[in-house]
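Contents: one structure, followed by commentary.
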Amino acid sequence: MHADRDESAGTGGAAGSTLLSKARQDAVTPYTEGDPILQVRDLAKHYPLTQGILFKRQIGAVRAVDGVDFDLYAGETLGIVGESGCGKSTVAKMLVHLERPTAGAIRYKGEDIAKLSGRALKAVRRNIQMVFQDPYTSLNPRMTVGDIIGEPYEIHPEVAPKGSRRQKVQDLLDVVGLNPEYINRYPHQFSGGQRQRIGIARGLALNPEIIVADEPVSALDVSVQAQVVNLLDRLQAEFSLSFVFIAHDLSIVRHISDRVGVMYLGRIVEIGSDAEIYDHPTHPYTQALLSAVPVPDPTARDHRERIILHGDVPSPANIPSGCRFRTRCWKARERCELEVPLLAVPAEFRLVDTPARHDSACHFAEEKRVVPPEGELEVPGPAERGSTEREPGEQPGGTVREPGDKPGSAGPGPGQQGSAGGEA
Amino acid sequence: MLLEVRDLHVEFHTREGVAKAVNGVNYSVAEGETLAVLGESGSGKSVTAQAIMGILDMPPGKIAGGEILFKDQDLLKLKPEERRRIRGQEMAMIFQDALSSLNPVLTVGQQLGEMFVVHRGMSRKDARTKAVELMDRVRIPAAKERVGQYPHQFSGGMRQRIMIAMAMALEPSLIIADEPTTALDVTVQAQVMELLAELQRELNTGLILITHDLGVVADVADKIAVMYAGRIVETAPVHDIYKAPAHPYTKGLLQSIPRLDQKGRELYAIKGLPPNLTRIPPGCAFNPRCPMARDVCRSDVPPLYEVDERRRSACHFWKETLDAR
């Protein structure tokens, strides 16, 4: 079935791109292999604040996203972390065109999708799909799983002709580790983790190249989170997807990402590879954020340095001048008030070969390790994992299904089921 | 011992049958001690807390057995008015969602002051002064001006501080914090936990911290009780449990969380789902998900075996689990 998927991806993609190139060949910067698949430049979303009823006038703007730049390469996972209100979800919505940017460009294979509309937009959208945060509200309770996952084909019938849809949906269910026989069930018959799998299957339906996942596991229980994170990891390798993974949980982002961007008040303040950001952060906000994450190890309690930030994040309607982090920064000086720091490799690291040489928007960037190096803390060893971690479904070529992870009949509690029944 | 829960059973009578939310829970907290109760949703950790506080919805809830000894007095045998006197004054609770636990149409000053009016018989004016003092104490800037504001005018972290202030107001000897920082961002979570720890030290309060976050637990707890399907599966001092878990469920949880200091390999995932509480599997409730399960696990409910004098594990094979690390 994988071969079949790849084939259809190939033909579908080709059809899409010829359509595009015919339409606006001149507007497109040529895309060659190895270029970023997605280039985001100076992206901004401002929500106007108005006053008056009859004669509305704008008295300001909530600058939710205020100049974001990043590249996404084919097959990689870019993690975006930040606290609530930093604009990370707004970025996600703009990437899938649920929100129109106020300014800036989102170039998919060299073409600015922020300015597209109509048929051209539809063709591009097929390649950028989204997985939402809350598996309870993002699935229509009155549609069956088959209808939910198959709905994208109504909009893009070229991907799957009518007769083959049911089979396609069942294949997708199989890929995300659900029993294909559950195609006629409704969302309430599934647990949270299973619902998130349905959301992921819907995201995969159109063979997209890019998946934007906005907090895909934060609504799930700890033991179920790991199942879904592993699934995303496996799907990425299997379908060579590019991920934009948005989350507030720094540990999960490190686990899944190749590169990580840290957002604060509508901007990326630091971006680099996972080791650069986590082991060699140079921006004070990143350092504070990392030091605040509790590490599941009581021995770290005493020798870990904690940077406790004071105060709250300023309102995005009233962003401080200069560096937007300066109101909470312990290093802030006059220069920070006057001059906006640019997201670039800081001057002091520009000529040295160190992991600290990555983009950081701070005038006084310096490296500071706040996460203890691996191995320094004691971890219960992954002993005798061999027998337990490999579930039947994870073997290559086998079916992907987890033994206990089957929907029960409509149970009372949300998503709970008798595991005795599930095992039977 | 400040608080001792003995063999507590709580049931919920629903249309689908009787959901056994708490099945024989035992734990204790001493003065100044922090007990973390760890568990996933549906493990019974919050229901136990509600039973201790006496705020369980009955019906559908029903305390089917057990004792809750608070300062050597069984709370379950007290009259409602006696319990009301203890609640707030002797023990207080901090909830997860501060916005929905605060009254939106009363100012925070009125809500903080109410504690003093009701329990201490103070005048409104004195109560307001006390409220300002409390807000200062939990480091809310400009407390004097903000005492007249409504909950929605505060940020999430500030609201949680007000909840803490309210819980600490009458200097109770026991505080139950149910997921106090789950809704907060990490930097704010760090502020709030630090404040809570500081006040606890100052007042020598016993603290029951209910959470699913293994990181927070490692940071503040003295001892841990891990709950699964309404039972305690393991209790131990905090260092022991992280070093060498004696129950496969605890072990699975510890292995399944991604870590800040490590780049990911594939995560260990506990297979399956927690059981439906109306149909808890026979024997050990964890057996359908357990990599070590054998026949005896499917037939015999494991008692809390004594691992050492401060540690208990409800696993027939706790020794193997401990050794297999």
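Looking at A:Ala300, A:Ala275, A:Ala317, A:Ala288, just one residue is over 24 Å from the mean Cα position of the chain (by Cα), facing another protein chain (nearest Cβ under 9 Å) and not β-branched (Val, Ile, Thr), and that residue is A:Ala300. Exactly one condition in (1) assigned to a loop (DSSP other than H, G, I, E, B); (2) at pLDDT 80 or above is not met by A:Pro412; state its number. Failing condition for A:Pro412: (2).
Do we have A:Pro281 as surrounded by 23 or more Cβ atoms within 10 Å (Cβ to Cβ) and more than 16 Å from the chain's Cα centre (by Cα) here? Yes; evaluated as a whole, the condition is true for this residue. Residue-level check: of (1) within 7 Å of chain A (Cβ to nearest Cβ); (2) assigned to a helix (DSSP H, G or I), B:Thr321 misses just (1). Residues that are surrounded by 24 or more Cβ atoms within 10 Å (Cβ to Cβ), touching an Asp or Glu at 6+ places or on another chain (Cβ under 9 Å) and among the β-branched types (Val, Ile, Thr) within region B:212-253 comprise B:Ile224, B:Val226, B:Ile241, B:Thr250, listed in sequence order.
Those helices (runs of 4 or more DSSP H) of region B:197-315 in which at least 2 residues are over 25 Å from A:Ala219 (Cβ atoms) and in contact with a helix residue (DSSP H, G or I) (Cβ under 9 Å, 6 or more places away or on another chain), considering only elements entirely within it, cover B:238-243, B:295-299. Scanning region B:251-293 for residues that are touching a residue at least 40 places away in the same chain (Cβ under 8 Å) and among the small types (Gly, Ala, Ser) returns a single hit, B:Ala285. State whether the residues of region A:34-42 include one that is under 18 Å from A:Ile319 (Cα atoms) and assigned to a strand (DSSP E or B). Scanning region A:34-42 turns up at least one residue that is under 18 Å from A:Ile319 (Cα atoms) and assigned to a strand (DSSP E or B). Can we say B:Ile52 is at pLDDT 90 or above, closer than 30 Å to A:Leu220 by Cα and buried (at least 19 other Cβ atoms within 10 Å of the Cβ)? For B:Ile52, the condition - at pLDDT 90 or above, closer than 30 Å to A:Leu220 by Cα and buried (at least 19 other Cβ atoms within 10 Å of the Cβ) - is met. Kindly state which strands (runs of 3 or more DSSP E) lie completely within region A:71-142 and contain at least 3 residues that are crowded, with 23+ Cβ neighbours inside 10 Å and modelled with pLDDT under 90. Those strands (runs of 3 or more DSSP E) do not exist here; none qualify.
Screening region B:13-62 for residues that are without any contact (Cβ under 8 Å) to a residue 24 or more places away in the chain and either part of a loop (DSSP other than H, G, I, E, B) or within 14 Å of chain A (Cβ to nearest Cβ) (or both) and picking the one that is nearest to B:Pro237 (Cα to Cα) gives B:Asp57. Restricting attention to region B:143-160, the residues being more than 14 Å from chain A (Cβ to nearest Cβ) and surrounded by fewer than 18 Cβ atoms within 10 Å (Cβ to Cβ) number 6. Of the candidates B:Ser299, B:Ser256, the single residue that is more than 8 Å from chain A (Cβ to nearest Cβ), surrounded by fewer than 24 Cβ atoms within 10 Å (Cβ to Cβ) and among the small types (Gly, Ala, Ser) is B:Ser299.
Pairing residues of region A:252-263 that are within 11 Å of another protein chain (Cβ to nearest Cβ) with residues that are among the polar types (S, T, N, Q), at Cβ distances under 7 Å and at least 6 apart in sequence or on separate chains, gives A:Ile256/A:Thr77; A:Ser257/A:Thr77; A:Asp258/A:Thr77; A:Asp258/A:Ser273.
Filtering region A:196-221 to residues that are in a strand (DSSP E or B) and more than 25 Å from A:Pro157 (Cβ to Cβ) leaves A:Ala213, A:Asp214. Where the second residue is polar (S, T, N, Q) and the first is touching a residue at least 12 places away in the same chain (Cβ under 8 Å) and lies in region B:63-78, which pairs have Cβ atoms under 9 Å and are six or more apart or on separate chains? Final answer for the pair search is B:Gly66/B:Asn26; B:Leu69/B:Ser28; B:Phe70/B:Ser173; B:Lys71/B:Ser173. Would you mind telling me which numbered condition in (1) in a strand (DSSP E or B); (2) buried (at least 17 other Cβ atoms within 10 Å of the Cβ); (3) more than 14 Å from chain A (Cβ to nearest Cβ) B:Asp7 fails? The number of the failed condition is (2). Selection within region B:131-142: residues that are of a type outside the set (Val, Ile, Thr) and either within 20 Å of B:Ala92 (Cβ to Cβ) or touching a strand residue (DSSP E or B) at 6+ places or on another chain (Cβ under 8 Å) (or both). The member of this set that is nearest to the other protein chains (Cβ to nearest Cβ) is B:Arg139. Summed over region B:62-89, the residues that are surrounded by 13 or more Cβ atoms within 10 Å (Cβ to Cβ) and under 25 Å from B:Val18 (Cα atoms) give a count of 9. For region A:188-199, the criterion of being free of Cβ contacts under 8 Å to residues at least 40 places away in the same chain and surrounded by 20 or more Cβ atoms within 10 Å (Cβ to Cβ) is met by at least one residue. No other residue among B:Asp97, B:Asp136 is surrounded by fewer than 20 Cβ atoms within 10 Å (Cβ to Cβ), acidic (Asp, Glu), under 30 Å from A:Ser315 (Cα atoms) and within 25 Å of the chain's Cα centre (by Cα) apart from B:Asp97.
Being among the charged types (D, E, K, R) and at pLDDT 80 or above is the filter here, so list the residues in region A:25-56 that pass it. First the steps, then the outcome.
First pass over region A:25-56, keeping only residues among the charged types (D, E, K, R): A:26, A:33, A:35, A:41-42, A:45, A:56.
Passing the criteria: A:Asp35, A:Arg41, A:Asp42, A:Lys45.
Restricting attention to region B:100-122, which residues are surrounded by 15 or more Cβ atoms within 10 Å (Cβ to Cβ) and within 21 Å of the chain's Cα centre (by Cα)? Residues satisfying the conditions are B:Ser101, B:Leu102.
The values are calculated or read from the model by the stated rules, or taken from the named source; none is laboratory data. Everything numeric in this text was worked out from a predicted model, so none of it was measured. Cβ: placed from backbone, ideal geometry, glycine included. Neighbour counts: every protein chain shown.
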